[in-house]
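Beneath this line is the structure, given in structure tokens, with notes to follow.
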Ligand code: SF4
């Protein structure tokens with residue numbers, strides 16, 4: 001759909017948006033596990049990326065600002081009711097909470113669950129859903145942010161996903177206004193800085209657009225978290241993917257760089273391309289080399305790198321640039337120091353959730369379980385990536 005058509009559709013959707021109760025979308029970044037999720041828009045206005053399974057069956061629509069505010073008010077009311085039944089020592093009486101829960105209809109329980117989970121987590125942060133909340137008019141975003149702050153003045157963080165394409169079109173003064181109204185962090189799915197890769201996976205952006213969007217976010221004083229997807233260039237463009245992504249990030253200097261390794265999901269265009277041979281997914285060993293090159297090429301920035309997803313081969317690649325760079329590269333080198341059969345044990349044990357880095361294998365009480373799993377499924381150095389591809393689909 002062309003941008004103009006998207007705009008017309010958005011206007012129509014917004015007009016007919018009737019309030020049917022509190023809403024939440026399907027995903028949030030791992031770092032927002034304890035955030036209250038407030039849904040500003042439904043699904044993804046782009047929805048074209050070949051690797052992404054998340055919103056494929058759903059069409060995009062805007063929610064009206066009035067309805068979003070009704071959701072926030074509902075949570076505010078529930079939080080007040082919960083606070084009234086909390087014991088003075090901070091512990092909740094489960095019978096009272098259950099009685100309260102049972103007094104709600106099925107429809108209202110979604111909001112109550114959101115409120116009580118957020119209360120239990122300390123009510124520190126709010127995440128605005130879904131895939132590209134900033135596609136809303138800036139005035140509407142600011143109005144929502146102001147209302148959140150009014151209802152919950154003690155929160156420390158309000159964050160959202162945003163596409164580079166969308167952010168690059170927002171005027172700098174509007175981003176500044178959003179920052180002043182309380183938007184502290186934007187998570188952008190850069191995935192790659194290579195124009196070749198971005199075009200092939202139909203990301204709807206370019207390296208230059210990623211850089212412009214990222215620099216604008218930083219200029220507004222909003223924290224920036226950039227997501228990178230090792231493996232997305234396939235075997236063919238692995239080196240370009242690593243180097244161009246690092247180059248884009250070197251021009252942005254985001255606060256956070258987050259790694260989320262490619263997993264090919266069934267039903268996506270990318271999985272069809274794998275079947276036809278149009279896309280060759282790199283093995284774990286190839287991706288480890290790609291990741292090493294990526295880390296080596298990062299230069300002149302002081303971003304914090306995190307590898308906080310089970311899809312990633314190494315969880316302990318974490319640290320601040322430039323001082324932790326060699327330590328992070330060392331995690332990958334320990335993997336290459338392993339004999340092939342030990343590497344297989346690491347790859348399988350990592351995806352079973354037992355290891356975070358190769359060092360974890362030493363004296364691990366789980367090594368027997370990993371060996372048994374490898375024997376049971378007949379995992380060898382030759383077929384390990386095929387077996388793991390199936391396992392990783394469960395984590396997408
Ligand atoms: S922009 Fe994000 S949510 Fe939308 S299709 Fe691409 S990866 Fe999926």
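If I filter region 302-322 for residues that are surrounded by fewer than 13 Cβ atoms within 10 Å (Cβ to Cβ), assigned by TED's automatic domain parsing to the domain that holds residue 254 and assigned to a loop (DSSP other than H, G, I, E, B), do I get at least one hit? Scanning region 302-322, I find at least one residue that is surrounded by fewer than 13 Cβ atoms within 10 Å (Cβ to Cβ), assigned by TED's automatic domain parsing to the domain that holds residue 254 and assigned to a loop (DSSP other than H, G, I, E, B), so the answer is yes. Taken as a whole, the condition of being modelled with pLDDT under 95, more than 14 Å from residue 130 (Cβ to Cβ), more than 16 Å from the ligand (Cβ to nearest atom) and in contact with a strand residue (DSSP E or B) (Cβ under 6 Å, 6 or more places away or on another chain) does not apply to residue 77. If the condition is being surrounded by fewer than 22 Cβ atoms within 10 Å (Cβ to Cβ) and either within 11 Å of the ligand (Cβ to nearest atom) or assigned to a loop (DSSP other than H, G, I, E, B) (or both), then region 36-45 contributes only 43.
Within the option set 264, 239, being part of a loop (DSSP other than H, G, I, E, B) and either at pLDDT 95 or above or surrounded by 18 or more Cβ atoms within 10 Å (Cβ to Cβ) (or both) holds for one residue only, 264. Candidates are the residues of region 267-286 that are touching a helix residue (DSSP H, G or I) at 6+ places or on another chain (Cβ under 7 Å) and outside any helix (DSSP H, G or I); the one that is surrounded by the fewest Cβ atoms within 10 Å (Cβ to Cβ) is 283. Going by the structure shown, is residue 220 more than 20 Å from the chain's Cα centre (by Cα), crowded, with 17+ Cβ neighbours inside 10 Å and under 24 Å from residue 255 (Cα atoms)? So residue 220 fits the description; yes.
Checking every residue in region 60-71 against the condition of being surrounded by fewer than 20 Cβ atoms within 10 Å (Cβ to Cβ), in a loop (DSSP other than H, G, I, E, B), within 16 Å of the ligand (Cβ to nearest atom) and touching a residue at least 12 places away in the same chain (Cβ under 8 Å) gives zero matches. Residues in region 176-208 that are within 13 Å of the ligand (Cβ to nearest atom), farther than 30 Å from residue 145 by Cβ and touching a helix residue (DSSP H, G or I) at 6+ places or on another chain (Cβ under 6 Å): 192 only. Scanning region 90-131 for residues that are within 16 Å of the ligand (Cβ to nearest atom) and either part of a helix (DSSP H, G or I) or out of contact with any helix residue (DSSP H, G or I) (no Cβ under 8 Å at 6 or more places or on another chain) (or both) yields 129, 130, 131. Can you find a residue in region 365-388 that is within 27 Å of the chain's Cα centre (by Cα), without any contact (Cβ under 8 Å) to a residue 60 or more places away in the chain and at negative phi? Checked region 365-388: at least one residue is within 27 Å of the chain's Cα centre (by Cα), without any contact (Cβ under 8 Å) to a residue 60 or more places away in the chain and at negative phi.
The values are calculated or read from the model by the stated rules, or taken from the named source; none is laboratory data. Note that this is a predicted model, so its numbers are computed, not measured. Note: ideal-geometry Cβ built from the backbone for every residue, glycine included; neighbour counts use all protein chains shown.
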